[in-house]
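Working notes, beginning with the structure itself.
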Amino acid sequence: EPEVTQTPSHQVTQMGQEVILRCVPISNHLYFYWYRQILGQKVEFLVSFYNNEISEKSEIFDDQFSVERPDGSNFTLKIRSTKLEDSAMYFCASRWQDLGEAFFGQGTRLTVV
Amino acid sequence: SQQGEEDPQALSIQEGENATMNCSYKTSINNLQWYRQNSGRGLVHLILIRSNEREKHSGRLRVTLDTSKKSSSLLITASRAADTASYFCATDARSNDYKLSFGAGTTVTVRA
């Protein structure tokens, strides 16, 4: 069964360092998302991406964040200069159509030290 | 805010019993999706129910939607230890720019 895959599963980084979280969405999907979940808290929307551009972003998604779809398969989230409060589980999701079933990856646990 | 809010926050049941959890939301939606999350793991899609549907089944899962009350319920029948997880509802709406809004979840523990 097709699935969304994310790498790495766990990343530890020093404060101030750049990180890139990678995602391979389901192959025929057109809508891509990043969400995050701070430990013990709700899943929060970060950004949505469609037709090679950001369609919506939250207040969390400030200038330190960027997304890219560098080729036909990968979808990346970059955090330029990580802060302690960026520590969270980051989830990539994709769906074939807006308002369709959204499938999530297993997540990348980011720990900023 | 569009966010769904689950109730109860936590639920502990015996294996074989049914588990019911509820989700309430504030504004009109196009659909509502339920997810399961095992501790520290990814979100597994369980079921999507559209705003013009009242009930949907998938295996041991039964989801209802009452748009007049802005609420949904998820019933897991004949629960198993493997059903131990957190369950989240997520609302989906054109008015919310097509982004899913998640509630805080219900943590279900199934005792053997």
State which residue pairs qualify: first residue more than 20 Å from B:SER58 (Cα to Cα) and inside segment B:20-39, second residue at pLDDT below 95 and of a type in the set (Ser, Thr, Tyr) in any location, beta carbons under 6 Å apart, and separation of 6 or more residues or different chains.
B:TYR25/B:THR91; B:ILE29/B:THR91
In the list A:ILE20, A:ILE54, which residue meets the criterion of being within 14 Å of chain B (Cβ to nearest Cβ) and part of a strand (DSSP E or B)?
A:ILE54
Just wondering, is there one or more residues in segment B:42-58 that are in contact with a Gly (Cβ under 9 Å, 6 or more places away or on another chain), modelled with pLDDT of 95 or more, among the hydroxyl-bearing types (Ser, Thr, Tyr) and within 24 Å of A:PHE91 (Cβ to Cβ)?
no
Is it the case that B:LYS56 is out of contact with any Leu (no Cβ under 9 Å at 6 or more places or on another chain) and basic (Lys, Arg)?
no
Considering only segment A:25-36, how many residues are buried (at least 17 other Cβ atoms within 10 Å of the Cβ), farther than 17 Å from B:ARG41 by Cα and among the hydrophobic types (A, V, I, L, M, F, W, C)?
2
Going by the structure shown, is A:GLN6 touching a Cys at 6+ places or on another chain (Cβ under 6 Å) and either at negative phi or more than 9 Å from chain B (Cβ to nearest Cβ) (or both)?
yes
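The values are calculated or read from the model by the stated rules, or taken from the named source; none is laboratory data. Since we're looking at a predicted model, the values are computed, not measured. As a convention, Cβ positions derive from the backbone with ideal geometry for all residues, glycine included, and neighbour counts pool all protein chains shown.
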